[in-house]
Amino acid sequence: MQVLQVINQVGPLPLKATFSAPLDGPAVFVVTGSLWSQTANVLLTMAVALDGQPIGTAQIWSNGVSTHRAMPALFIGVPLTYGQHTITLTAGANVISDPNDMFNVSLIY
């Protein structure tokens, strides 16, 4: 099993990265990050898209205001083909990311 680091950088979202898939077959993306909101009792969401198509959404409830929340790790199984692909992370509604938030996307194959 090998790991390819696709994104490892601070916010804000959206973040986009292009990578070359080293395989033709099943793989797993592991996505982590943190978000916050100026609204109490909100569902923080971060959408993940591969080549413009949605493949998953990380989410966590936040009861506090203006507190950065670590998102639970999101594991997304995908069929990949050799070649260039683009992965995009986007914040949901009522969600904020800034340079105090760190994001990571790794491809396990």
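The values are calculated or read from the model by the stated rules, or taken from the named source; none is laboratory data. Fair warning: this is a prediction, and the values are worked out from it, not measured in the lab. A quick note on method: Cβ atoms are made from the backbone with ideal geometry, for glycine too, and the neighbour counts reach across all protein chains shown. Just so you know, the surface numbers come from the protein's heavy atoms only, side chains and all, with ligands and any DNA or RNA stripped out. Shrake-Rupley method; radii C 1.70, N 1.55, O 1.52, S 1.80 Å.
In segment 75-91, the residues that are farther than 12 Å from residue 48 by Cα form Cβ pairs under 6 Å with partners that are open to solvent by 10 Å² or more (accessible area, probe 1.4 Å) and charged (D, E, K, R), at six or more places apart or across chains, as follows: 81/24; 82/24; 85/51.
Residue pairs whose Cβ atoms lie under 6 Å apart, sitting 6 or more positions apart in sequence or on different chains, and linking a residue in segment 18-29 that is in contact (Cβ under 8 Å) with a residue 60 or more places away in the chain to a partner that is part of a loop (DSSP other than H, G, I, E, B), are 21/82; 23/109; 27/109. Within the bounds of segment 35-42, is there any residue that is in contact with a Ser or Thr (Cβ under 8 Å, 6 or more places away or on another chain), on the phi > 0 side of the Ramachandran plot and either open to solvent by 70 Å² or more (accessible area, probe 1.4 Å) or without any contact (Cβ under 8 Å) to a residue 40 or more places away in the chain (or both)? The answer is yes; a qualifying residue exists. When 4, 44 are checked against the criterion of being farther than 17 Å from residue 87 by Cβ and part of a strand (DSSP E or B), a single residue qualifies: 44. The combined condition, being open to solvent by less than 40 Å² (accessible area, probe 1.4 Å) and either touching a residue at least 24 places away in the same chain (Cβ under 8 Å) or in contact with a Ser or Thr (Cβ under 9 Å, 6 or more places away or on another chain) (or both), is fulfilled by residue 13.
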